[in-house]
Amino acid sequence: MVLTLMDKQAGREVATAEVFGQCVLYAPTVEDKIRITRFQHEELKHFQLIARLMAELAWTWTPTCATSRRPARVHRTRPTPDPGLDRPPRSSNFMIDRAATFQLSEYTRGSYVPLAEANRVILKEEEGHKNFGEACLEEMTRDEPTRAEIQRRFKKWFVASMRIFGRAKTPGNQYCIDVGLKTRDSGDIAAAYLDSIRPVMARCGLRFPDRSELPLELPPQVDLSVPAAVAAR
Ligand SMILES: [Fe+2]
Ligand SMILES: [Fe+2]
């Protein structure tokens, strides 16, 4: 299970680095380009950190446990193109990095100490990515046509962010809670993530998609309402 969690995280770290690589093309200023390449570098370091942990764990296993030896997966650096990526919005890390922050916070309290320690380091940098995404979103939504365009694309990135948590109430979730790898079920983590973005959504004049529009099984505790705007637009 630890290897599965790390494999998923490593895949997301390298995929995010690739998305940042594409974002450099569209960043409007040289300062933005420098910041985004720094984020890309950080994501690749996160990948490297998790990949090393995977290699260490696989190395300590005995050959009698052959089905568990999966060091080859560590080197899964194949490109992960996003087929729907017509123009990567800077605001995508408002959702993706924030969702990752919630998920990785769970691991920092988890029972596998090397993963907990690695994620404490990773989270410090993720905080910067998340804040950058939020600042970009607030700035971009001040322009009405851009806000409408972000709302149009919102569902795609929202679905991608919710997938980070995985399905709620699965046997795998319960196992992670039983052995202390996570402290909460995926549904509770997803609900806490939505609570944290709700005020930003209100400030930006954005709304969540309806449950019926989403190709996802959402846990019941997830609330998709957004209060009336709290700030003057
Ligand atoms: Fe990362
Ligand atoms: Fe990130």
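The values are calculated or read from the model by the stated rules, or taken from the named source; none is laboratory data. Note that the coordinates shown come from a computational prediction; the quantities given were computed from them, not determined experimentally. Virtual Cβ from ideal backbone geometry, glycine too; neighbours counted across all protein chains shown.
Here are the numbers for this structure:
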read-out: Unmet requirement for ARG203, which otherwise passes all of (1) within 16 Å of ligand 1 (Cβ to nearest atom); (2) surrounded by 15 or more Cβ atoms within 10 Å (Cβ to Cβ); (3) charged (D, E, K, R); value: (1)
read-out: Positions within region 112-149 being more than 16 Å from ligand 2 (Cβ to nearest atom), under 20 Å from ARG35 (Cβ atoms) and part of a helix (DSSP H, G or I), in sequence order; value: GLU138, GLU139, MET140, THR146
read-out: Residue match in region 54-77 (condition: closer than 25 Å to LYS130 by Cα, away from ligand 2 (no atom under 16 Å from the Cβ) and at pLDDT below 70); value: yes
read-out: Checking ALA192 against (1) within 16 Å of ligand 1 (Cβ to nearest atom); (2) under 22 Å from ASP223 (Cβ atoms); (3) aliphatic (A, V, I, L, M), the condition it does not meet; value: (1)
read-out: Of residues in region 184-233 being β-branched (Val, Ile, Thr) and outside any helix (DSSP H, G or I), the one farthest from the chain's Cα centre (by Cα); value: VAL230
read-out: Region 5-28 - residue that is more than 16 Å from ligand 1 (Cβ to nearest atom) and without any contact (Cβ under 8 Å) to a residue 24 or more places away in the chain and, of those, nearest to MET95 (Cα to Cα); value: VAL24
read-out: Those residues of region 178-195 which are in contact with a helix residue (DSSP H, G or I) (Cβ under 7 Å, 6 or more places away or on another chain), under 14 Å from MET95 (Cα atoms) and surrounded by fewer than 19 Cβ atoms within 10 Å (Cβ to Cβ), in sequence order; value: ALA192
read-out: Count of residues meeting criterion [within 16 Å of ligand 1 (Cβ to nearest atom) and either out of contact with any helix residue (DSSP H, G or I) (no Cβ under 8 Å at 6 or more places or on another chain) or modelled with pLDDT of 95 or more (or both)] in region 130-161; value: 1
read-out: Within region 94-117, considering residues that are more than 16 Å from the chain's Cα centre (by Cα) and not hydroxyl-bearing (Ser, Thr, Tyr), the one nearest to ligand 1 (Cβ to nearest atom); value: LEU115
read-out: Criterion violated by GLY180 - all others in (1) on the phi > 0 side of the Ramachandran plot; (2) modelled with pLDDT under 95 satisfied; value: (2)
read-out: ARG38 being under 17 Å from LEU5 (Cβ atoms), more than 14 Å from the chain's Cα centre (by Cα) and either more than 16 Å from ligand 1 (Cβ to nearest atom) or modelled with pLDDT of 85 or more (or both); value: no
read-out: Test: residue in region 169-180 that is in contact (Cβ under 8 Å) with a residue 12 or more places away in the chain, within 16 Å of ligand 2 (Cβ to nearest atom), β-branched (Val, Ile, Thr) and closer than 19 Å to ARG109 by Cα; value: no
read-out: Check on GLU139, surrounded by 15 or more Cβ atoms within 10 Å (Cβ to Cβ) and more than 16 Å from the chain's Cα centre (by Cα); value: no
